[in-house]
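In what follows, a structure is listed as structure tokens, so that the remarks can point back to it.
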Amino acid sequence: MSHVLTVDVGNTMTHIGLFSVEGTGTQAGTVELLGSCALTTRERITADEARIQLNQARSLMPRVEPDGVVLSCVVPTLTSAWRAALGTACDVRALVVGPGIKTGIRMSYDDPAEVGPDRIADAVAARATYGAPVVAIDLGTTTNFEVIDEQGAFAGGIIAPGVALGARALEQAAARLPVIELRAPKRVIGRSTRAAMQSGVVLGEAARIDGLIDAIFSELGYEAPIALTGDGASSLAALLRHSVTVDDTLTLRGLALIWRANVK
Ligand SMILES: Nc1ncnc2c1ncn2[C@@H]1O[C@H](COP(=O)(O)OP(=O)(O)O)[C@@H](O)[C@H]1O
Ligand SMILES: CC(C)(COP(=O)(O)O)[C@@H](O)C(=O)NCCC(=O)O
Ligand SMILES: [K+]
């Protein structure tokens, strides 16, 4: 058994997880989350600051020396600082998810190098957990869909604005629109500015997700189980017409699986 530290630097939040990993390569074997921590992604970070954040994060998790470290970073300007910080956390070099690494999944993207590493992690964990076909939906800065087809290949997906981004866009673009709390209103027909915005943003997100799931199934020609992860996944799941499995640790688990496939 080995231990791996997983770091997912998103555009809004940075999630860190510690896993115990059994088995080797892309074979079955459990990957168990021992602890995790969420930090706000800063616009800029030095390697020293990343190291401080990492040490703070580790102080909230079980005290185990990791055998490996894996990084997914979707903000190119932050990658080198995190890579450097992670290099000091462990004797081995950090595995940075990107072109050239083994995922065990065929990528049907025109240019596979374009796919965000967090999306690859979601796809890997979704396939390992639910089999193929499967659709992973990740609520973050963006709402992104990862579609795994019957053959187990990454068929592509969807990138849509996330709920918070939609709310912020309304508030910033229109002088009379306020900052709203991101929760579902009681009725779809809003009777106040706030209620109308919550309807558009939150119920609109649910309607968009339901509609896109239908469109994906119709384009594929078959249905698939759906895993929903990310910020507010369980509240959003309750608003959906489709039944989905809420899976909060999908992305970090995918990183642990990618580490095992490449290092063990
Ligand atoms: N402290 C915070 N500051 C800003 N946004 C936050 C915070 N906590 C949660 N959020 C919400 O989390 C979302 C980003 O979630 P996350 O899944 O971590 O996305 P990403 O991977 O894009 O960073 C934002 O859209 C925002 O609504
Ligand atoms: C789609 C994303 C912006 C999601 O980032 P996040 O919401 O996790 O911050 C990221 O995965 C990304 O920059 N991807 C590159 C484009 C692509 O996957 O096609
Ligand atoms: K950008």
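The values are calculated or read from the model by the stated rules, or taken from the named source; none is laboratory data. The structure displayed is predicted, hence computed values, not measured ones. Cβ coordinates were reconstructed from backbone atoms using ideal geometry, including for glycine residues, and neighbour counts include every protein chain displayed. What goes into the accessible areas is simple: the full protein's heavy atoms, side chains included, and nothing from ligands, DNA or RNA. Shrake-Rupley method; radii C 1.70, N 1.55, O 1.52, S 1.80 Å.
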Interchain or sequence-distant (5+) residues whose placed amide H lies within less than 5 Å of the amide H of residue 12 are 141
If each of residue 13 and residue 248 carries a label point 7 Å out from its Cα toward its Cβ, how far apart are those two points in nm? 0.9
With +1 on each Lys and Arg Cβ and -1 on each Asp and Glu Cβ, and nothing else charged, work out how big the dipole of the chain is about its Cα centre, in Debye to the nearest 20. 700
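For the chain, report the convex hull volume of the alpha-carbon atoms normalised per residue, in Å³, without decimals. Don't jump to the answer; show the numbers that get you there.
Details: hull volume 35.3 nm³, N = 264.
Expressed per residue, the convex hull around the Cα atoms of the chain is 134 Å³.
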Length-normalised contact order of the stretch 165-264 in % [C-alpha pairs under 8 Å, at least 6 apart]: 17
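Taking only protein heavy atoms into account and a 1.4 Å probe, give the accessible area per residue of the chain in Å².
On the way: 13130 Å² over 264 residues.
Averaged over the residues of the chain, the accessible area is 50 Å².
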How far is the Cα center of the stretch 151-223 from the Cα center of the stretch 1-15, in Å? 27
Which of the three applies to the stretch 37-153, rounded, prolate or oblate, going by the alpha-carbon gyration tensor with a ≥ b ≥ c and a/c under 1.5 meaning rounded? prolate
Would you calculate the volume per residue, in Å³, of the smallest convex hull containing every Cα atom of the stretch 135-246? 98
Using a 1.4 Å probe on the protein heavy atoms, what percent of the accessible area of the chain belongs to carbon and sulfur? 50
Treating only the Cβ of Lys, Arg, Asp and Glu as charged (+1, +1, -1, -1), what charge dipole size does the stretch 58-188 show about its Cα centre? Round to the nearest 20 debye. 520
Please give the solvent-accessible surface of residue 242 in Å², to the nearest 10, using a probe radius of 1.4 Å with every protein chain present. 30
Net dipole in debye of the stretch 135-246 [+1 Lys, Arg Cβ; -1 Asp, Glu Cβ; about Cα centre; nearest 20]: 900
Using a 1.4 angstrom probe and counting only protein chains, how large is the accessible area of residue 61 in Å², to 10? 10
